[in-house]
Amino acid sequence: MSITAKPASIAAEAAAILDRLGVSKDAYTGGEMKAFSPITGEQTASVKTVSLSHAPAVIDHADAAFRVWRLVPAPKRGELVRLFGEELRAAKADLGRLVSIEAGKIPSEGLGEVQEMIDICDFAVGLSRQLYGLTIATERPGHRMMETWHPLGVIGIISAFNFPVAVWAWNAALALVCGNSVVWKPSEKTPLTALAAHAVLDRALKRFGDAPDGLSQLLIGDRAIGEVLVDHPKVPLVSATGSTRMGRDVGPRLAKRFARAILELGGNNGGIVCPSADLDMALRAVAFGAMGTAGQRCTTLRRLFVHDSVYDTFVPRLKKAYASVSVGNPLDGKALVGPLIDKLAFDTMQKALTEAKAHGGAVHGGERVDTGSADAYYVKPALVEMPTHTGPVLEETFAPILYVLKYSDFDAVLSDHNAVGAGLSSSIFTLNMQEAERFLAADGSDCGIANVNIGTSGAEIGGAFGGEKETGGGRESGSDAWRAYMRRATNTINYSKSLPLAQGVSFDI
Ligand code: NAD
């Protein structure tokens, strides 16, 4: 286990990055919201927040921008997103480093998050020429029927701390090419990356030239500011990423005013290691999926079912990987596991481990790792061998805990796999075609993401991302997720000289 000394001043490095990216000092000094780095627990800045009374005016401003932007041809809107992608490429090193500073990610994951932003920009630029509607056969002679996709309005984006900028970009890039304006309420745990990412978009907006003022807005604030966005009548869609608890509040509020929701909530992701699995491959995939990002991905592997014929070969190897993984300061480039976001995350993890023990679990790891910073929370990832699929196994604990269970029957393991509230990501490790196909079939994994011979985390932007059940049902990013950001109109055009009614109805006056 490698542990490194506290760097000289993370706050100074963050300020230098913000400065380079063009964020005004005024935005992050003397404000009400304290920003921290989980790497040392030190305060990095004091960020200015928007007041509850001013937030609605920001949304009104975005609505005015929408009314202009919706009339700009979609390929021209794509040009703005192309420029955004260019600016992100130029800012990648700085922004990636800031993600590491504020979310505690190791460097390749900090940079990977920015790469994901670039990838979605590329995707959205192509999409700006492909917002297709159908032409549909009509039953009436001399008529044509088609569907047209129109911009929707102000898109509200609420994001979580663990993907502090990529989730915004997934939503914003699509929303902008679809002709919408965007208002973003980032996590209160990661306001600096939000300021930085927004400054990068501002650069693209300046180069673009004639985009309406207020097209993209940032609402820095706590949950109450998020509620303003959720309740505002001029926001027809809110894409909210965070805990299932948050979704339980946001979903009904949006439904009450008939607004749309894209809910991207918690996961309790499962993997199955079958008798025929390539165990070397499974080991690497499980290690990254369960310990990577210190277990703080929505797609983190949390439950692993191992067939009893390979359990005694595979699990000891996995335990060895757990015992040897390097935990420490992510900025030094050596550690594979960085810090938990805060003390609350640490306490929640310890509570889950205590509960697991009470349910008969054998806990390996999970202890706090001392890095010399009293306010930083590093832990050894925990592997917990569980006798039964009960207790804390059924809930998402946002920390590196992997529950390992033995199975013998494939139907029974599929049933256990699906017997949790969340339905985000899943994977199976097998070289048996019948097992692999069964896992992907209608009676297989009930998740939005089901993989074969790769882990549960690390999705690409080309596919639609999201999950079922308590994960909220939303889809964002690739495939046809763009449709959620537009309104569909069905148009019927009569180019004949008569007026036949559908279904043979006659109404002669
Ligand atoms: P969180 O729910 O505490 O906060 C997420 C965001 O929601 C924050 O910006 C917060 O201010 C806001 N918020 C909270 N309650 C709100 C309310 N009632 N109204 C409006 N806004 C509200 O989540 P977190 O701790 O930042 O992130 C971790 C959670 O997010 C985990 O459960 C993880 O699985 C989930 N997550 C899901 C996805 C996904 O795509 N499914 C991606 C990332 C994270």
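Table for the structure above
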| read-out | value |
| --- | --- |
| Checking Asn418 against (1) surrounded by fewer than 18 Cβ atoms within 10 Å (Cβ to Cβ); (2) assigned by the TED database to the domain that holds Ile136, the condition it does not meet | (2) |
| Residue in the stretch 478-490 that is under 15 Å from the mean Cα position of the chain (by Cα) and either surrounded by 12 or more Cβ atoms within 10 Å (Cβ to Cβ) or within 16 Å of the ligand (Cβ to nearest atom) (or both) present | yes |
| Unique residue being within 16 Å of the ligand (Cβ to nearest atom), crowded, with 17+ Cβ neighbours inside 10 Å and not assigned by the TED database to the domain that holds Asp347 when the list is Gly448, Gly467, Gly458, Gly423 | Gly467 |
| Residue in the stretch 145-152 that is at pLDDT 95 or above, under 26 Å from Leu219 (Cβ atoms) and among the aromatic types (Phe, Trp, Tyr) present | no |
| Spans of helices (runs of 4 or more DSSP H) in the stretch 1-101 with at least 3 residues surrounded by 18 or more Cβ atoms within 10 Å (Cβ to Cβ) | 10-20, 55-69 |
| Cβ-Cβ under 6 Å pairs, at least 6 apart or on other chains, the stretch 408-420 side part of a helix (DSSP H, G or I), far side buried (at least 19 other Cβ atoms within 10 Å of the Cβ) and hydroxyl-bearing (Ser, Thr, Tyr) | Val413/Tyr407 |
| Residues located in the stretch 246-274, provided they are under 19 Å from the mean Cα position of the chain (by Cα), more than 6 Å from the ligand (Cβ to nearest atom) and either among the charged types (D, E, K, R) or closer than 22 Å to Phe161 by Cα (or both) | Gly247, Arg248, Gly251, Arg260, Ala261, Ile262, Leu263, Asn268, Asn269 |
| Pair list, Cβ < 6 Å and 6+ apart or interchain, from the stretch 177-198 residues that are in contact (Cβ under 8 Å) with a residue 24 or more places away in the chain to residues that are among the polar types (S, T, N, Q) and in a loop (DSSP other than H, G, I, E, B) | Val177/Ser128; Pro186/Ser159; Ser187/Ser159 |
| For Thr371: the one exception among (1) within 16 Å of the ligand (Cβ to nearest atom); (2) part of a loop (DSSP other than H, G, I, E, B); (3) touching a strand residue (DSSP E or B) at 6+ places or on another chain (Cβ under 7 Å) | (1) |
| Helices (runs of 4 or more DSSP H) lying entirely in the stretch 193-301 (those with 2 or more residues that are assigned by the TED database to the domain that holds Ala484 and modelled with pLDDT of 95 or more) | 223-231, 244-256 |
| Residue satisfying all of: in the stretch 224-236; touching a residue at least 40 places away in the same chain (Cβ under 8 Å) and more than 14 Å from the ligand (Cβ to nearest atom); surrounded by the most Cβ atoms within 10 Å (Cβ to Cβ) among these | Pro236 |
| Candidates Gly365, Gly360, Gly372, Gly391 - the one that is surrounded by 14 or more Cβ atoms within 10 Å (Cβ to Cβ) and out of contact with any Phe, Trp or Tyr (no Cβ under 8 Å at 6 or more places or on another chain) | Gly391 |
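The values are calculated or read from the model by the stated rules, or taken from the named source; none is laboratory data. Computed from a predicted structure; not experimentally measured. Here Cβ is always computed from backbone atoms with ideal geometry, including for glycine, and neighbour counts include all displayed protein chains.
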